[in-house]
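Contents: one structure, followed by commentary.
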């Protein structure tokens, strides 16, 4: 029998402002889960207390006892508080029922008890029926519930924000039903922060719905409403009077750290004041490993900035500029530019853009575009490069993502131009345009423009060497990366070498490190391990940890390190490099190479399923760069096919290669491997004879081709050419040191090659996997169906009955039944739905049809 849920719950009416907060099933589900400890963390007025009260009311059928301990007052001692909680728990535990006991501890951080965590854990240990839910404004207690010795869960400040649907429900509860564009304005301006959505109620009712300008009117009204809330509840709070000016001053920072607060406010007490604002529920601390950072809820910060501008118009501009210069001194370009723009320090904005044009566009495309859109025309008028770049971005369109198909105009490049100012502008603006094309996924046009720019630079060097060489290494670095992403590894190598050896300005060692790492990556992809080692050695000579760009420029080198280690079958070293690489941001242009390394690691370690899952998730995230004109397309199509082959899924392998967005030597080798594994050695030989493989200069392709052809000849009983090709593969090993192509062969294939009497490298023999541990199986399953079965399969997709299929194909029903039985047997299925699903997956049916008939 259910215990009396209200017997020990603190009574009292819910405040009027909280009454219209509706049920929140997505959070209620988390609160109702099986966790022993649930921590609800959020800033002041984020709705933590109301969330728990509405959750309790929303579970009328739930059994057990609920104990609510209100927020501790300032005069309550920790001992008194915990004695009260223990007494209530003891009373509830006296009940012999197995029903749960839920303890709600509100604002437990305000108790300021260093033993809070241990006391809660002791409560949980005392009764297995107990579940504890705590709310807290800060991370002083329970900074990470999942790290404790109990089953824990944290509901974060972000979780507490209203979704658009929840904001709409709050407004509708007050009889306000807004048009979609006005509701969007409410969500955008308030950020879904509960008290601000509530504040919007007072101004939302008169919003119009008939005119587009109502959006701007709504925004201004909402901002005024938020400003009144901030002034009344935060800036006007007498308990926060000593922190008011500090609060306003540090609001200039998008992200607050101890260093930033000290830069803005000065004095040794700045870090303590930051923590005081966290304890007051105004600053939200980020989670580990960024737990040295705090943020105001964005709409609160926006309001504080508006207030600061009103009180002292020069204040926020000066503070933002100071912060921008501080970030610039520390090599952090993106926050430097963002704060300069926010402070409307246009001279500093232009200076940052002009000095760091290429790095910013390639790494922070949206930020540069937003900065140039914000930059007044008169601020750019005196600088030809910035002016041209601004106009280029303005013409690029206003899509919010910034990755739509480019509409940039053609930029004529005259490679015979000699005028210094014209050449400088053309190189800078042309490089920006090529980067825009690259970021948009148009690698072919970007590479074409890059080649023209390189020719112009060569001509300029002949005419005016000293005036253009200083900034060329930076441009060549980007030109090389463009060619690498396009798949022209030879031209990429040329540009990257010139970037590495060029006369760089002081303080730009990141250019050399980035160039060296990407050169190593190119050589690792092609299997030239000695060259890759050489460039990795050079890359490691540069210590750029203080430049603020270390993580950016190290991607190529870490991926190259992993690939070289895998080719030598040093799985541990490869894993270490991939761990150091970590998760990449969704704007990392070398994503495909990193993904390739992860998948190759999955192949050699027998984790092909994990590799496929990673590949499919990553290609969905980076789809905008997974285009037919990229190296990513053939490289990852071949990788997907190899992962399917490793799993013995022949038809999936075939489908991956047939549907590849790009073709090249990698896909050709994967197809040759598929043909060999599916019992068609003659097709393997024919495939390897095609120019895309036979004329390929990459040692990796040549070694894999030689090994596959050698095994194919053995399958066909041709020992002599098998020996010749095996010797060719051994010679390539002596040139490169590659082990993985041989170690990837099946145990039976290795045994037969050993029997040819050719002296094989010791490294090959040492890395040969045991039977059953091969990367690729001896044979993969391919399902083939006859033309008649194919016709029946197509009819099956749209026709529900055997009689209708027979009539459609002009055959008897018995014939259809016979063909269906044969088809089901080949597919390994027993139903129409499974047949269609399996046939689609195997590539035997063009598209998945409705199977409900």
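The values are calculated or read from the model by the stated rules, or taken from the named source; none is laboratory data. Keep in mind it's a predicted model, so treat the numbers as computed, not measured. Note that we place each Cβ from the backbone using ideal geometry, even for glycine, and neighbour counts take in every protein chain shown.
Does at least one position in the range 281-290 carry a residue that is closer than 23 Å to residue 107 by Cβ and in a helix (DSSP H, G or I)? Steps first, answer last, please.
Restricting attention to the range 281-290, the residues satisfying the condition of being closer than 23 Å to residue 107 by Cβ are 281-288.
Subset that is in a helix (DSSP H, G or I): none.
Within the range 281-290, not a single residue is closer than 23 Å to residue 107 by Cβ and in a helix (DSSP H, G or I).
Of the residues 660, 682, 632, only one is in contact (Cβ under 8 Å) with a residue 12 or more places away in the chain and crowded, with 24+ Cβ neighbours inside 10 Å; which?
632
Can you tell me how many residues within the range 816-831 are under 11 Å from residue 789 (Cα atoms) and touching a helix residue (DSSP H, G or I) at 6+ places or on another chain (Cβ under 7 Å)? Before the answer, list the steps.
Just the residues of the range 816-831 that are under 11 Å from residue 789 (Cα atoms), to begin with: 816-824, 826.
Next cut, touching a helix residue (DSSP H, G or I) at 6+ places or on another chain (Cβ under 7 Å) only: 816-817, 819-820, 822-824.
Number of matching residues: 7.
Of the residues that sit in the range 790-803 and are surrounded by 14 or more Cβ atoms within 10 Å (Cβ to Cβ) and in contact with a helix residue (DSSP H, G or I) (Cβ under 8 Å, 6 or more places away or on another chain), which one is farthest from residue 844 (Cα to Cα)?
Selected residue: 802.
Is there a residue being touching a residue at least 24 places away in the same chain (Cβ under 8 Å) and within 20 Å of residue 156 (Cβ to Cβ) anywhere in the range 197-206?
Residues of the range 197-206 touching a residue at least 24 places away in the same chain (Cβ under 8 Å): 197-201, 204-205.
Those left that are additionally within 20 Å of residue 156 (Cβ to Cβ): 197.
Yes, there is a match, as at least one residue in the range 197-206 is touching a residue at least 24 places away in the same chain (Cβ under 8 Å) and within 20 Å of residue 156 (Cβ to Cβ).
Considering each residue of the range 37-68, count those that are under 24 Å from residue 285 (Cβ atoms) and not in a strand (DSSP E or B), and give that number. Don't jump to the end; show me each part of the working.
If we filter the range 37-68 for residues that are under 24 Å from residue 285 (Cβ atoms), which is where we start, we get 37-52.
From the residues that got through so far, the ones that are not in a strand (DSSP E or B) too are 42-52.
So the count comes out to 11.
Testing residue 642 on (1) touching a strand residue (DSSP E or B) at 6+ places or on another chain (Cβ under 8 Å); (2) within 20 Å of residue 601 (Cβ to Cβ), one condition comes back false. Which one is that?
(1) is the only condition that residue 642 fails.
Does residue 561 satisfy the criteria of being more than 22 Å from residue 665 (Cα to Cα) and at pLDDT 95 or above? Quick ask: steps written out before the conclusion?
Values: more than 22 Å from residue 665 (Cα to Cα): yes; at pLDDT 95 or above: yes.
Yes; evaluated as a whole, the condition is true for this residue.
May I ask you to list the residues in the range 709-761 that are out of contact with any helix residue (DSSP H, G or I) (no Cβ under 6 Å at 6 or more places or on another chain), outside any helix (DSSP H, G or I) and surrounded by 19 or more Cβ atoms within 10 Å (Cβ to Cβ)?
The answer is 744, 745, 746.
I'm checking my understanding of the structure. Among residues of the range 291-319 that are at pLDDT 85 or above and part of a loop (DSSP other than H, G, I, E, B), which one is farthest from residue 195 (Cα to Cα)?
292
I'm trying to understand the selection: among the residues of the range 685-708, which are free of Cβ contacts under 8 Å to residues at least 40 places away in the same chain, part of a helix (DSSP H, G or I) and over 11 Å from residue 729 (Cβ atoms)?
685, 686, 687, 688, 689, 691, 692, 693, 694
Restricting attention to the range 208-217, does a residue exist that is buried (at least 21 other Cβ atoms within 10 Å of the Cβ) and in a helix (DSSP H, G or I)?
no
Assigned to a loop (DSSP other than H, G, I, E, B), at pLDDT below 85, within 21 Å of residue 653 (Cβ to Cβ) and touching a strand residue (DSSP E or B) at 6+ places or on another chain (Cβ under 9 Å) - does that describe any residue in the range 826-844?
First, pick out the residues of the range 826-844 that are assigned to a loop (DSSP other than H, G, I, E, B): 828-831, 842-844.
Okay, now just the ones that are also at pLDDT below 85, so 828-831, 842-844.
Imposing the further condition that a residue be within 21 Å of residue 653 (Cβ to Cβ) reduces the set to 828-829, 842-844.
In the following step, the residues that additionally are touching a strand residue (DSSP E or B) at 6+ places or on another chain (Cβ under 9 Å) were identified as 842.
Within the range 826-844 (the criterion being assigned to a loop (DSSP other than H, G, I, E, B), at pLDDT below 85, within 21 Å of residue 653 (Cβ to Cβ) and touching a strand residue (DSSP E or B) at 6+ places or on another chain (Cβ under 9 Å)), the answer is yes, since at least one residue qualifies.
In the range 665-679, how many are outside any helix (DSSP H, G or I) and either at positive phi or buried (at least 21 other Cβ atoms within 10 Å of the Cβ) (or both)? Steps first, please.
Step one: of the range 665-679, the residues outside any helix (DSSP H, G or I) are 678-679.
Then keep just the ones that are either at positive phi or buried (at least 21 other Cβ atoms within 10 Å of the Cβ) (or both); that gives 679.
Qualifying residue count, the range 665-679: 1.
Are any residues in the range 635-657 within 22 Å of residue 715 (Cα to Cα) and buried (at least 24 other Cβ atoms within 10 Å of the Cβ), and if so, which ones?
Of everything in the range 635-657, those that are within 22 Å of residue 715 (Cα to Cα) and buried (at least 24 other Cβ atoms within 10 Å of the Cβ) turn out to be 642, 645, 646, 653.
Would you check if residue 275 is at pLDDT 90 or above, at negative phi, surrounded by fewer than 19 Cβ atoms within 10 Å (Cβ to Cβ) and part of a helix (DSSP H, G or I)? It would help to see each step written out before you state the result.
Working: at pLDDT 90 or above: yes; at negative phi: yes; surrounded by fewer than 19 Cβ atoms within 10 Å (Cβ to Cβ): yes; part of a helix (DSSP H, G or I): yes.
Yes, satisfied.
When you look at residue 641, is it modelled with pLDDT of 90 or more, in contact with a helix residue (DSSP H, G or I) (Cβ under 9 Å, 6 or more places away or on another chain) and either in the same structural domain as residue 517 (by TED's automatic domain parsing) or farther than 26 Å from residue 732 by Cα (or both), yes or no?
On the way: modelled with pLDDT of 90 or more: yes; in contact with a helix residue (DSSP H, G or I) (Cβ under 9 Å, 6 or more places away or on another chain): yes; either in the same structural domain as residue 517 (by TED's automatic domain parsing) or farther than 26 Å from residue 732 by Cα (or both): no.
The answer is no for residue 641.
Name the residues in the range 62-92 that are touching a residue at least 24 places away in the same chain (Cβ under 8 Å), over 22 Å from residue 138 (Cα atoms) and out of contact with any strand residue (DSSP E or B) (no Cβ under 7 Å at 6 or more places or on another chain), would you?
Answer for the range 62-92, where residues must be touching a residue at least 24 places away in the same chain (Cβ under 8 Å), over 22 Å from residue 138 (Cα atoms) and out of contact with any strand residue (DSSP E or B) (no Cβ under 7 Å at 6 or more places or on another chain): 62, 63, 86, 91.
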